[in-house]
Protein chains: 2
Amino acid sequence: MGIIQRKEREKEEMRRLILDAALRLFRERGYDGVSIRNIAEAIEYSPGTIYLYYKDKSEIFFALQYEAAAVKRDHLLPVADIADPWERLVEFGRRYVDFGMKHPDLYDLLFITRAPMEYIENQECWKLGMATHAFFQETVQACVDQRYFKSTDTETIAYTLWCHAHGLVSLFVRERMRMYPEEQRQELAEKSFAMIVKMAESL
Amino acid sequence: MGIIQRKEREKEEMRRLILDAALRLFRERGYDGVSIRNIAEAIEYSPGTIYLYYKDKSEIFFALQYEAAAVKRDHLLPVADIADPWERLVEFGRRYVDFGMKHPDLYDLLFITRAPMEYIENQECWKLGMATHAFFQETVQACVDQRYFKSTDTETIAYTLWCHAHGLVSLFVRERMRMYPEEQRQELAEKSFAMIVKMAESL
DNA sequence: CTTGACAAATGAACAGTGTTCATTATATTT
DNA sequence: AAATATAATGAACACTGTTCATTTGTCAAG
């Protein structure tokens, strides 16, 4: 009785089709710039069909946000193998920024977009993000434990470093760096990352 | 011939009426959550009337963004009187963050919202923002000149500090601090500001 | 094979959106 | 008071997210 399995597979393929089209369109025109009809047209189905696979537009958003969180986790994963906590922390930061620069649309989805946040705590995506954040805090804690910093306020250190990284990426993603010539932006971001690392060394 | 003056005044009053209503509604429900019909209803006029005073919805947005930039400038203005560049810089940062915390909706308008950015360079608001940014960079330059930092890379220093401040405020404004208990967020932000100041001292 | 049952896809319909414009109402000038 | 100029209207257009009765397609049983 492989029929229900095939049906399940087809259902999954359809969801994939919708998500791929939605992500591509969201990338190009933003969440509000894309209509269900646009997505339907892109996959050559009628608008009503979308609603057989996702209960509304925000659920498509949440599905994409979850995938973004997974991409981010995979991007950060190799860091876990680094034994030295300070090196691990620096590499975590580098990869965090790198993820944001390489996938501005996904970063936006995760950390900037105002989409229905009300019940985000209940989403799978939130748990994934919390796990990553916990890993980050543990790394900072390990640095504190091994006296890499003068300060012992793990939470504030972690938060301060996050603020810088998020500020760096989000100014870039939301195009608030227009006062700097375009070819200079990437370099400035790298210099700033190096600087915050230096600053953290004497923390 | 006071009639045309009165007409001009009435026109100005009408624009004020629209902006006040729009800001209140944007605050409550965000740019996309508010329709022209909502604004019209709020001021008890028909939708078409709005278009006699603003050519489209984005122009209302730009007008509000300009006002936000003016509020921000006024909030930062007292800083200019501080003679010592380091003290001036710290106070600038404190007030920048304070502005963001006190006026999250205006901060959002200025530094986060994705509204039609295409021609923002031509807007009055942009010039205002550029002037403030220039003042900030000059203050950092003054610190560099007086050997407050070991580093002499003014641009990177200014940008790094801005990244932290923007990250701090925007994580707050876009509700990405839910992993911290609400009553702790304000305190954490203050601690982080103090920490970046300490870090900057040994820059 | 045909029939009946179930699932999938449709597209018209509803209430909303930004925006335009011919029409109506008001105010000013002659 | 009549003519003119300005201001406000609200219906109309093409769009939006979403629902649902209807049609189409698939598959097992007779």
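The values are calculated or read from the model by the stated rules, or taken from the named source; none is laboratory data. All values derive from a computational prediction rather than experimental measurement. Quick reminder, even Gly has a Cβ in these numbers, built from the backbone with ideal geometry, and neighbours come from all protein chains shown. Each accessible area value is taken on the protein alone, full model and side chains, heavy atoms only, with ligands, DNA and RNA left out. Shrake-Rupley method; radii C 1.70, N 1.55, O 1.52, S 1.80 Å.
Filtering segment B:1-30 down to residues that are open to solvent by less than 50 Å² (accessible area, probe 1.4 Å) and away from DNA strand D (no atom under 11 Å from the Cβ), which residue is farthest from B:Glu59 (Cα to Cα)? I'd like the intermediate steps shown before the answer.
We begin by selecting, within segment B:1-30, every residue open to solvent by less than 50 Å² (accessible area, probe 1.4 Å); these are B:2, B:14, B:18-19, B:21-23, B:25-26, B:30.
With away from DNA strand D (no atom under 11 Å from the Cβ) added as a condition, the list becomes B:2, B:19, B:21-23, B:25-26, B:30.
On the way: B:Gly2: 29, B:Leu19: 10, B:Ala21: 14, B:Ala22: 11, B:Leu23: 13, B:Leu25: 16, B:Phe26: 14, B:Gly30: 15 Å.
My answer is B:Gly2.
Answer yes if at least one residue in segment A:169-185 is open to solvent by less than 40 Å² (accessible area, probe 1.4 Å), part of a loop (DSSP other than H, G, I, E, B) and among the basic types (Lys, Arg), and no otherwise.
At the first step, the residues of segment A:169-185 found to be open to solvent by less than 40 Å² (accessible area, probe 1.4 Å) are A:169-171, A:173-174, A:176-177, A:180.
The next check asks that each one be part of a loop (DSSP other than H, G, I, E, B); those that pass are A:174, A:176-177, A:180.
From what is left, the residues that are among the basic types (Lys, Arg) are A:174, A:176.
Yes: segment A:169-185 contains one or more residues that are open to solvent by less than 40 Å² (accessible area, probe 1.4 Å), part of a loop (DSSP other than H, G, I, E, B) and among the basic types (Lys, Arg).
Please verify whether segment B:141-161 includes one or more residues that are assigned to a helix (DSSP H, G or I) and closer than 23 Å to A:Gly30 by Cα. Give the steps one after another, and end with the answer.
Keep residues of segment B:141-161 that are assigned to a helix (DSSP H, G or I), which gives B:141-145, B:154-161.
When the remaining residues are screened for being closer than 23 Å to A:Gly30 by Cα, the result is none.
No, every residue in segment B:141-161 fails to be assigned to a helix (DSSP H, G or I) and closer than 23 Å to A:Gly30 by Cα.
Restricting attention to segment A:37-91, and to residues there that are over 13 Å from the mean Cα position of the chain (by Cα), under 30 Å from A:Val144 (Cα atoms) and β-branched (Val, Ile, Thr), which single residue is surrounded by the most Cβ atoms within 10 Å (Cβ to Cβ)?
Checking each candidate, the answer is A:Val90.
Let me confirm something: among A:Lys57, A:Lys72, which residue is within 16 Å of DNA strand C (Cβ to nearest atom) and either of a type in the set (Lys, Arg) or more than 15 Å from A:Thr132 (Cα to Cα) (or both)?
Working: A:Lys72 fails: within 16 Å of DNA strand C (Cβ to nearest atom).
The conditions single out A:Lys57.
So which residues in segment A:138-147 are surrounded by 17 or more Cβ atoms within 10 Å (Cβ to Cβ), more than 14 Å from chain B (Cβ to nearest Cβ) and either among the β-branched types (Val, Ile, Thr) or in contact (Cβ under 8 Å) with a residue 60 or more places away in the chain (or both)?
Within segment A:138-147, A:Thr139 is the sole residue that qualifies.
Can you name the residue in segment A:187-201 that is touching a Phe, Trp or Tyr at 6+ places or on another chain (Cβ under 9 Å) and open to solvent by 30 Å² or more (accessible area, probe 1.4 Å) and, of all such residues, is nearest to the other protein chains (Cβ to nearest Cβ)? I'd like the intermediate steps shown before the answer.
The initial filter retains those residues of segment A:187-201 that are touching a Phe, Trp or Tyr at 6+ places or on another chain (Cβ under 9 Å), namely A:188-189, A:191-192, A:195, A:200-201.
Narrowing the set further to residues that are open to solvent by 30 Å² or more (accessible area, probe 1.4 Å) leaves A:191, A:201.
Working: A:Lys191: 4, A:Glu201: 9 Å.
Among those residues, the one meeting the criterion is A:Lys191.
For segment B:117-140, does any single residue satisfy the condition of being at pLDDT below 95 and aromatic (Phe, Trp, Tyr)?
Looking through segment B:117-140, at least one residue is at pLDDT below 95 and aromatic (Phe, Trp, Tyr).
Select from segment A:186-203 the residues that are in a helix (DSSP H, G or I) and either within 16 Å of A:Glu87 (Cα to Cα) or among the basic types (Lys, Arg) (or both) and list them in ascending order.
Of segment A:186-203, the ones in a helix (DSSP H, G or I) are A:186-201.
A:Lys191, A:Phe193, A:Ala194, A:Met195, A:Ile196, A:Val197, A:Lys198, A:Met199, A:Ala200, A:Glu201, listed by residue number.
Any residue in segment B:100-121 that is open to solvent by less than 20 Å² (accessible area, probe 1.4 Å) and away from chain A (no Cβ under 14 Å)?
Yes: segment B:100-121 contains one or more residues that are open to solvent by less than 20 Å² (accessible area, probe 1.4 Å) and away from chain A (no Cβ under 14 Å).
Quickly run through segment B:153-186 and pick out the residues that are of a type in the set (S, T, N, Q) and either facing chain A (nearest Cβ under 7 Å) or touching a Gly at 6+ places or on another chain (Cβ under 8 Å) (or both).
Taking segment B:153-186 first, the residues of a type in the set (S, T, N, Q) are B:154, B:156, B:160, B:170, B:184, B:186.
Of everything in segment B:153-186, those that are of a type in the set (S, T, N, Q) and either facing chain A (nearest Cβ under 7 Å) or touching a Gly at 6+ places or on another chain (Cβ under 8 Å) (or both) turn out to be B:Thr156, B:Thr160, B:Ser170.
Could you give every pair whose Cβ atoms fall below 8 Å, whose first residue belongs to segment B:31-58 and is among the acidic types (Asp, Glu), and whose second residue is more than 6 Å from DNA strand C (Cβ to nearest atom) and open to solvent by 40 Å² or more (accessible area, probe 1.4 Å), counting only separations of at least 6 or pairs across chains?
What qualifies is B:Asp32/A:Asp32.
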